[in-house]
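Okay, structure first, notes after.
Bear in mind that the values in this text are calculations on the coordinates, not laboratory data. What you see is a predicted model, and the numbers here were worked out from it, not measured in a lab. Ideal geometry is used to build each Cβ from the backbone, glycine not excepted, and the neighbour counts take in all protein chains shown.
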Amino acid sequence: MKPNMKQQHKNIEIEFRARFGKGKYKSLKRFLNTHARKLGRDGKDVFFFMFPNKLLKVVNNVSRKTAKISLKLNKIGKGSDFEEIEVPINQRDFEKTAQMFLTMFGVKNSMRSFQRRHNYLYKGVEIALKWSAVWGYHMELEVVVNDKERQSLAERKIREVANKLGVKIMTDGELKKFTREAEKKYKISKKQKS
């Protein structure tokens, strides 16, 4: 008997992003260390494989000593909802898994980035305070729901927290422009592949 895919649990991340300078990053870190629940360091080495309407990632969480393959069924700049399918892998298989996808999809729409992250929970919103060469200083604000009908409530909660923190959420247009430029600048070259 085949499992009914519609009945299985969904993880839909309602997610917004904000970029800022180093000074704002430091003040946010001080504020969150004092007023939010610390969820710990979350440094990640990530291979990204970009498709027109999806994002595939191979993630080595160096802080937590775990790894996974993650498929987001939406692309940054196309709304705030990201249904995600994750498959854990052994951390020692991270490079080999990334190499397999590089071989399958080629390097044209691939990117690798290391992210320094600190995670927090503040007023019901998960916050990843981050730095990477691609994004600079930035944060992700996220609420996970299992039903699209809860999206507008989650978005409102995230916007309230962003206002409280004094950060400007990037619009879809800003995100599309930024990611398009970042993908050109940071994509994997054929030399990096091997």
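Odds and ends about this structure:
- Cα centre as origin, Lys/Arg/Asp/Glu Cβ charges: region 20-193 dipole, Debye: 800
- Using only the C-alpha atoms, the convex hull of the chain corresponds to 135 Å³ per residue.
- Across the cross-link table entries LYS44/LYS72; LYS54/LYS108; LYS26/LYS72; LYS24/LYS108; LYS29/LYS168; LYS148/LYS184, which are compared at the Cα atoms, the separations over 26 Å belong to LYS26/LYS72; LYS24/LYS108; LYS148/LYS184.
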